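The values are calculated or read from the model by the stated rules, or taken from the named source; none is laboratory data. The structure presented is a predicted model; accordingly, all values stated were derived computationally and were not measured. Please note: Cβ atoms are built from the backbone with ideal geometry, for glycine as well, and neighbour counts cover all protein chains shown.
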């Protein structure tokens with residue numbers, strides 16, 4: 001069986017909201033797959049339906065050949081979930097938490113204890129084994145949480161926003177971990193708001209917006225789907241941003257892509273020649289650049305092109321061209 | 001080197017195959033073990049079940065004893081079985097508080113996504129609560145004995161009364177399990193419960209003889225299951241006839257479980 005997860009016109013409605021609106025997904029076995037989208041797009045709902053925590057309101061979801069609505073137990077036997085919030089007992093120690101999950105999965109007390117120690121070692125948490133989880137840092141919590149999902153080999157590991165709120169170092173550790181888990185042959189489905197994360201980890205990804213998959217493919221495919229290249233440049237003087245943007249729009253007609261960096265502007269250009277035109281127009285207007293590059297569009301550019309708005313609103317969103 | 005900087009060793013990430021699913025009995029035991037660990041790590045949660053009953057027993061015995069029964073020694077003979085009932089009835093709310101905490105923290109998502117007998121977490125928590133009830137009961141009875149409580153039916157009578165209180169507590173817990181799943185925070189489980197527990201325990205025959213109460217209140221007291229449980233445990237401890245109250249309590253418990261347990265389990269299986 002080559003398909004790990006398949007959803008067909010999957011619908012999930014809550015009292016006042018259609019969280020999943022005919023979501024279609026096909027995810028192959030043995031890959032890392034990213035569900036990409038802003039807050040409230042339906043990513044978490046999708047994961048909760050696929051892990052049997054929510055019942056679909058319509059359509060179909062099949063995980064490893066089992067319909068989630070009709071055979072939830074069969075699905076639970078084969079998958080693991082690490083939710084968005086550390087789903088471990090904060091009052092218990094790291095070791096006790098892992099023993100708990102091992103026991104609940106059917107291991108003997110002895111096997112559970114040794115598996116717990118082994119996992120703590122593998123996750124660099126040995127020294128925290130006898131400390132209560134409530135004393136753990138964010139990164140340590142995330143690791144113990146993922147460890148609890150890897151007591152035994154799941155055929156699919158669901159990770160809901162595994163790096164949200166983590167510092168860069170912890171985030172890198174989680175990324176390494178995901179790669180290792182995938183190398184062991186487990187299919188990983190992860191959700192993320194960070195386009196960089198999907199780009200780094202996932203072989204294929206779906207962009208979710210308002211409960212629908214609005215694009216699907218490899219990162220490369222998604223980028224080429226919007227066509228052309230992206231010219232990015234960094235302004236020497238951020239005060240000139242508005243002027244630069246107006247100028248670029250005039251040269252190109254349109255095509256200014258959003259950028260979270262207030263000193264940077266990205267534009268979609270159809271050829272290198274057009275890029276040169278933009279640059280000389282900027283020079284003629286005495287707008288100085290500190291840097292520029294011409295390359296494939298980023299996933300941020302993709303999301304903007306697909307939905308007309310940036311993927312994640314940064315804290316200084318008022319500074320970002322809309 | 002801080003714990004954060006410890007490297008992860010890839011060779012140790014060995015992923016064994018899943019064993020066969022755990023037996024229901026074994027998962028309930030494991031979750032009861034977890035409840036005990038929580039008490040071990042957060043002993044403060046035993047504060048309510050130890051200090052409050054000691055305070056109540058001392059206060060009521062010496063404050064009201066003389067006025068209500070002539071002397072504290074006489075009063076404690078009827079008060080102590082009642083204080084035991086009141087204490088345990090109050091502690092039952094922790095079942096709902098604990099459940100609500102687990103749901104809010106996301107722990108239930110993990111439990112529900114595991115291939116185990118789904119009611120295990122609820123039953124495991126109840127098993128852990130039994131320990132709490134036992135600690136509180138031992139303390140109260142021990143203190144009572146020191147203060148002059150002399151159960152005529154001896155140890156067996158006290159044990160039977162304790163067992164009956166446990167049956168009722170188990171039944172009542174199901175109500176808090178429902179509350180635990182309905183409300184948003186553990187604190188609101190606590191707050192809501194007081195609206196029920198205050199009248200239930202004070203408008204009873206625990207502290208005073210209902211004969212001095214207005215008629216309407218007497219009616220309430222006479223149907224209040226807490227009154228029957230109190231009469232039953234007094235009877236069992238002192239060896240007087242209490243068969244009717246024992247039966248009344250058992251029937252009331254059965255009705256509560258019969259109504260609330262199916263509702264609670266239904267809600268538990270529902271999504272959140």
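Contact list please: Cβ distance under 8 Å, first residue in region A:148-166 and more than 11 Å from chain B (Cβ to nearest Cβ), second residue part of a loop (DSSP other than H, G, I, E, B), pairs at least six apart or on different chains.
Hits for this filter: A:156/A:64; A:156/A:186; A:161/A:84; A:161/A:193; A:163/A:194; A:164/A:84; A:164/A:193.
Mind listing whichever residues of region B:14-30 are part of a helix (DSSP H, G or I), touching a residue at least 40 places away in the same chain (Cβ under 8 Å) and facing chain A (nearest Cβ under 8 Å)? Before the answer, list the steps.
Applying the first criterion (part of a helix (DSSP H, G or I)) to region B:14-30 yields B:24-30.
Within this subset, residues satisfying the condition of being touching a residue at least 40 places away in the same chain (Cβ under 8 Å) are B:24, B:27-30.
Once the filter is applied, which keeps residues that are part of a helix (DSSP H, G or I), touching a residue at least 40 places away in the same chain (Cβ under 8 Å) and facing chain A (nearest Cβ under 8 Å), region B:14-30 yields B:27, B:30.
Can you pull out every residue in region A:265-302 that is surrounded by 16 or more Cβ atoms within 10 Å (Cβ to Cβ) and either in a helix (DSSP H, G or I) or on the phi > 0 side of the Ramachandran plot (or both)?
Within region A:265-302, A:274, A:275, A:278, A:279, A:281, A:282, A:299, A:300, A:301, A:302 qualify.
Just need a number here: residues in region A:71-103 that are more than 7 Å from every other protein chain (Cβ to nearest Cβ), in contact (Cβ under 8 Å) with a residue 60 or more places away in the chain and part of a strand (DSSP E or B).
Count: 3.
Check residue A:174 against each of (1) in contact (Cβ under 8 Å) with a residue 60 or more places away in the chain; (2) more than 18 Å from residue A:51 (Cβ to Cβ); (3) touching a strand residue (DSSP E or B) at 6+ places or on another chain (Cβ under 9 Å); (4) within 11 Å of chain B (Cβ to nearest Cβ) and name the one condition it does not meet.
Residue A:174 satisfies all of (1) in contact (Cβ under 8 Å) with a residue 60 or more places away in the chain; (2) more than 18 Å from residue A:51 (Cβ to Cβ); (3) touching a strand residue (DSSP E or B) at 6+ places or on another chain (Cβ under 9 Å); (4) within 11 Å of chain B (Cβ to nearest Cβ) except (1).
Rundown of residues vs (1) modelled with pLDDT under 95; (2) not in a helix (DSSP H, G or I), yes/no style:
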site	(1), (2)
B:208	yes, yes
B:211	yes, no
B:216	yes, no
B:219	yes, no
B:246	no, no
B:254	no, no
B:259	no, no
B:265	yes, no
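Looking at region A:210-246 only, could you name the residues that are crowded, with 20+ Cβ neighbours inside 10 Å and under 24 Å from residue A:171 (Cβ atoms)?
Within region A:210-246, A:219, A:222, A:223, A:232 qualify.
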